[in-house]
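First comes the structure, then the notes that go with it.
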Amino acid sequence: MTQGGFDLGPRRHPRRMSLTPMIDVVFLLLIFFMLASRFGTDVALPIAGGAEGAATEWQGVPRLVDVTPDDILLNGTAIAPADLVAAVTQLLPEPSDAVILRPRDDADLQRLVTVMDALREGGITNMILVE
């Protein structure tokens with residue numbers, strides 16, 4: 001017996017911590033995030049910057065589409081989204097002529113993309129995006 005009255009045997013050295021469970025958890029997280037992630041290609045929007053419009057000679061009347069959070073304006077006049085393609089097409093001397101898009105008043109990106117998609121579905125492919 002020892003001083004306190006109990007003999008716990010010889011003092012053992014503390015065991016070294018094993019890293020195997022931590023490595024298992026890291027691999028499980030890696031597999032989870034790989035399976036939960038979406039792998040795919042991002043879609044690029046075919047638009048021209050403001051400099052492209054300056055290099056070509058402008059033909060016809062102005063075709064400025066302002067996209068706001070609540071309205072779509074064609075040359076400063078509010079227009080219904082369903083009527084936009086027909087109204088812009090009437091202003092184009094050639095189907096390949098440019099249309100200028102300008103997001104305004106904190107219009108979000110999704111609203112701009114929706115307008116661009118509507119124009120593209122209507123056959124208008126040459127769009128210039130300006131600030």
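Residues are listed down the side, and each one gets a yes or a no for (1) free of Cβ contacts under 8 Å to residues at least 60 places away in the same chain; (2) of a type outside the set (D, E, K, R):
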{"residue": "75", "(1), (2)": "yes, yes"}
{"residue": "95", "(1), (2)": "yes, yes"}
{"residue": "99", "(1), (2)": "yes, yes"}
{"residue": "106", "(1), (2)": "yes, no"}
{"residue": "112", "(1), (2)": "yes, yes"}
{"residue": "123", "(1), (2)": "yes, yes"}
{"residue": "126", "(1), (2)": "no, yes"}
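Looking only at the range 77-104, count every residue that is farther than 13 Å from residue 61 by Cα and exposed (fewer than 15 other Cβ atoms within 10 Å of the Cβ) and tell me the total.
Total meeting the criteria: 10.
Residues of the range 77-106 being touching a strand residue (DSSP E or B) at 6+ places or on another chain (Cβ under 8 Å) and of a type in the set (D, E, K, R), which ones?
Selection gives 102, 104.
Taking the conditions exactly as written (surrounded by 12 or more Cβ atoms within 10 Å (Cβ to Cβ) and either at pLDDT below 85 or in a helix (DSSP H, G or I) (or both)), does residue 113 satisfy them or not?
yes
The values are calculated or read from the model by the stated rules, or taken from the named source; none is laboratory data. Note that this is a predicted model, so its numbers are computed, not measured. We place every Cβ from the backbone using ideal geometry, glycine too, and count neighbours over all the protein chains shown.
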